[in-house]
Amino acid sequence: MKRLAGIATGVVVGTLHGCASIGPDYERPIVETDPQWAASSDLAFNSAEPDGIATWWTTLNDPALDDLVERAFAANLDLATAVQRVRQAAAIRGISAGERFPDLDGTGSYSRERQGQNGFPALAEPTEFESFALGLEFGWELDVWGRVRRLVESADAELAATLEDLHDVRLILAAEVASEYVGLRTAQQRLKVARRNIEIQRQSFSLTTVRFENGAAPQLDVAQAETNLANTEAELPSIEADLRDRTLRLAVLLGANPTALLDELSELGDIPSPPEAIAVGIPADVLRRRPDVRGAERQLAAEVARIGVELGDLYPRFSLSGTLQFNSTNSGSVLDADSLSFGIGPSFAWNIFDGGRVRNSVRAQEAAADIAAIEYRAAVLSALESVESAMFRHARQIERTTALERASTAAGQSADLSRQLYLEGRSDFQNVLDSERELFAAQDTLILSQSEVTTTYITLQRSLGGGWSPQQEAESADDTKD
């Protein structure tokens, strides 16, 4: 029997001897990883095993966010769908497992017949009689070659892969709720800064208007001040729209009507800040933790097991069948020993010629296993890439935010100084306009950068596989038994 071609060759080993099942025996792929993350040299990270990664959002120290995540876990519709898919996979696994056992059917019938005297053979007079029958029929395919064992093995792996999909949905949901919540608080803070700058610019507009009316300033100053004020006011609608979108989206993630959180989240709140030091573990930990990688590995196992199922059609199938029947023309004697008849015996069926359909089905399944092996490798590389990228981006975003904090402070000092010099007549109004625009831009950019620090932290936690635990895995498995 040929081994899997290509990448799957190193994954499985074919065996067929004694009572072993036909088809290749699955062996979990061995993946070599670097001992450390390339980005772990940054001070923000350490190689310790992440503590509490199953509830990483609690490290943001925001009770409102904690509550939203738990409510999403309880009512999110995508998560509810994933749970039902697990239950469906469990039921399908039960169907496959049922093929290991014999089928036993109860039978029964009643008929009343009349034979006319002109029939064949001819009778002296019409004859009527009743017929009663009760019995049992059974059939059992003997799993001589292990085809059914491979079928159950495949179903077990499919169930495990579906359970990993559930974990992945939970992981993504936690990250999405946290991201939308951070976006909501960011929009609130941007509105706060925009309105504060609008007040400053209104004061400048009023100042230039008074000075123009008193002949102390040209009308150009008034027009420029009004232009600056109007441009800042024009920022409000888009920020307010973003705030509304985030609030509506959060409600839907919680399985509620879109407007359900408008009042609850209307009060101004701070942008959650991540911890300064982050434990990221080592690359091998991520491969053991990430649901998408674990699911791809289980899908590979399922595809390898199906090769044995397809190979089973090349071999004869042996069955044992029988009947136990009570037949009588009198209902009172239907269960008498004299009414008993039975039959039992083995049989086999062997597809000798089918135009190559079975062999091509085997080849197709071998290709499917090769594809699954490639997809598993791709999932591994994608997982490692996402962590490295998230770590680097988070570290660089912290550096950017530190620089923007200095820029924002300097912009505030520049705005105060330029306004004072203008009032003293030692500077023209253009410097005031420039400094006010720079102040608003610096403060708004700083808020967006602070938000991005938290967002990259969320992305990192998601890429590390945070958001579920072995205990939740056991609870999810229990749900499939309901």
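Points worth noting:
- When each of ALA279, ALA301 is tested for being more than 30 Å from GLY23 (Cα to Cα) and small (Gly, Ala, Ser), the lone residue that passes is ALA279.
- Residue within segment 154-171 that is surrounded by fewer than 20 Cβ atoms within 10 Å (Cβ to Cβ), over 30 Å from PRO272 (Cβ atoms) and at pLDDT 95 or above present: yes
- Of the residues ALA241, ALA256, ALA225, the single one that is open to solvent by less than 70 Å² (accessible area, probe 1.4 Å) and closer than 30 Å to LEU421 by Cα is ALA225.
- Leading residue by the ranking (surrounded by the fewest Cβ atoms within 10 Å (Cβ to Cβ)) among those in segment 197-222 that are of a type in the set (A, V, I, L, M, F, W, C) and part of a loop (DSSP other than H, G, I, E, B): ALA216
- Residue count for segment 448-462, restricted to those that are charged (D, E, K, R) and either within 16 Å of ILE53 (Cα to Cα) or in contact (Cβ under 8 Å) with a residue 60 or more places away in the chain (or both): 1.
- Failed item, numbered, when PHE318 is tested on (1) aromatic (Phe, Trp, Tyr); (2) within 25 Å of GLU99 (Cα to Cα); (3) surrounded by fewer than 16 Cβ atoms within 10 Å (Cβ to Cβ): (3)
- Residue selected from segment 272-302 under the condition open to solvent by 40 Å² or more (accessible area, probe 1.4 Å) and aliphatic (A, V, I, L, M), by the criterion modelled with the lowest pLDDT: ALA277
- Looking only at segment 336-361, residues that are surrounded by 12 or more Cβ atoms within 10 Å (Cβ to Cβ), of a type in the set (Asp, Glu) and over 15 Å from GLY312 (Cα atoms) come to 0 in all.
- Lone unmet requirement of (1) small (Gly, Ala, Ser); (2) touching a Pro at 6+ places or on another chain (Cβ under 7 Å); (3) surrounded by fewer than 19 Cβ atoms within 10 Å (Cβ to Cβ) for SER266: (2)
- If you filter segment 399-449 down to residues that are open to solvent by 80 Å² or more (accessible area, probe 1.4 Å) and hydrophobic (A, V, I, L, M, F, W, C), you find that the one that is farthest from GLN224 (Cα to Cα) is LEU417.
The values are calculated or read from the model by the stated rules, or taken from the named source; none is laboratory data. Remember, it's a predicted structure, so these values are computed and weren't measured experimentally. As a convention, Cβ positions derive from the backbone with ideal geometry for all residues, glycine included, and neighbour counts pool all protein chains shown. With ligands, DNA and RNA removed, areas are computed over all heavy atoms of the protein, side chains included. Shrake-Rupley method; radii C 1.70, N 1.55, O 1.52, S 1.80 Å.
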